[in-house]
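One structure is given below, encoded as structure tokens.
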Amino acid sequence: MRSTFTLRAAVPLGIVALVALMAVVRAFSFDEVPAILARGMQPATFPQLVAGLIVVLAGIAFLQDLRSPPSPQTPLPRIYYLTVMLMALFAALLVLNLFLIALVVVTLGASLMWGERRVPVLIMMALAPLAAIVLFDMVFEVRFPRSPLMNLYYQWS
């Protein structure tokens, strides 16, 4: 079966490509890098890495869509809406200044929602945000927003 590429299928990818292009332009246009990013690595490296990752992922999505574009009639699965609600919960926890809890909740929640049931893997997923914070703190010297659990971490370290 031969797939056809339609304008309707290209619009979301075009939007992603535009956002990625804007991120790349912004990442390379810093006159002054925020102090939090300037501590551990070259000032512009981190935003440029993130912008580059966005471009690579957008390119991969574009190529996959060229090969087999999704049917415009296909409804989004239920897991999509659950994941969007999880991201909203993440944002709400951030607003409440619960950064570390938000990271653990979204990591565990996404794993559970997407079907992970192995307890050792779930424990590792819960510990992954903690490991990331320790890595960024010790290696890159990036400080995270203060919150009750982050205050305990910074007092301990």
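Data for the structure
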read-out: Tally of residues being assigned to a loop (DSSP other than H, G, I, E, B) and surrounded by 10 or more Cβ atoms within 10 Å (Cβ to Cβ) across region 54-75; value: 3
read-out: Residues that are at pLDDT 85 or above and more than 24 Å from M113 (Cα to Cα), drawn from region 54-86; value: V56, I60
read-out: Residue match in region 86-95 (condition: in a loop (DSSP other than H, G, I, E, B) and open to solvent by 40 Å² or more (accessible area, probe 1.4 Å)); value: no
read-out: Some residue of region 142-150 being part of a helix (DSSP H, G or I) and among the aromatic types (F, W, Y); value: no
read-out: Output for region 96-114, where each listed residue is outside any helix (DSSP H, G or I) and open to solvent by less than 50 Å² (accessible area, probe 1.4 Å); value: L98
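The values are calculated or read from the model by the stated rules, or taken from the named source; none is laboratory data. All of these numbers come straight from a predicted model, not from anything done at the bench. Virtual Cβ from ideal backbone geometry, glycine too; neighbours counted across all protein chains shown. With ligands, DNA and RNA removed, areas are computed over all heavy atoms of the protein, side chains included. Shrake-Rupley method; radii C 1.70, N 1.55, O 1.52, S 1.80 Å.
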